[in-house]
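Scroll down for the structure; my scribbles are underneath it.
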Amino acid sequence: MQIKYFQDTDTIYIAFNENEVAETRDLDNNSIIDIDKNGNLVSLTIEHAKSTVRIENFSFQQISKKEAA
């Protein structure tokens, strides 16, 4: 599992595995999941993270705008 926080977009990305994504679903206005062909969760994206979850409790790799490009 890998967790990344993108400061420039206030987005958390959690990758649970490296399976190929077959489908992307919006859970709500701020949460998106990726699913593989077998229905397994591949990743979770949380937008507007600071107002959605308590990110201070997360341990994550911070990605600057330069590194993400």
Can you tell which of Asn19, Asn38 is in contact with a Lys or Arg (Cβ under 9 Å, 6 or more places away or on another chain), in a loop (DSSP other than H, G, I, E, B) and of a type outside the set (Phe, Trp, Tyr)? Asn19
Kindly indicate whether Phe58 is of a type in the set (A, V, I, L, M, F, W, C), modelled with pLDDT under 95, touching a strand residue (DSSP E or B) at 6+ places or on another chain (Cβ under 9 Å) and exposed (fewer than 14 other Cβ atoms within 10 Å of the Cβ). yes
In the range 11-29, is there at least one residue being surrounded by 14 or more Cβ atoms within 10 Å (Cβ to Cβ), at pLDDT below 80 and among the hydrophobic types (A, V, I, L, M, F, W, C)? no
Per the filter on the range 30-55, residues over 13 Å from the mean Cα position of the chain (by Cα), modelled with pLDDT of 95 or more, on the phi < 0 side of the Ramachandran plot and not acidic (Asp, Glu) are Lys37, Asn38, Asn40
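The values are calculated or read from the model by the stated rules, or taken from the named source; none is laboratory data. The shown structure was predicted, so the numbers you read here are calculated from the model rather than taken from an experiment. No Cβ is skipped: glycine too gets one built from the backbone with ideal geometry, and neighbour counts run over all protein chains shown.
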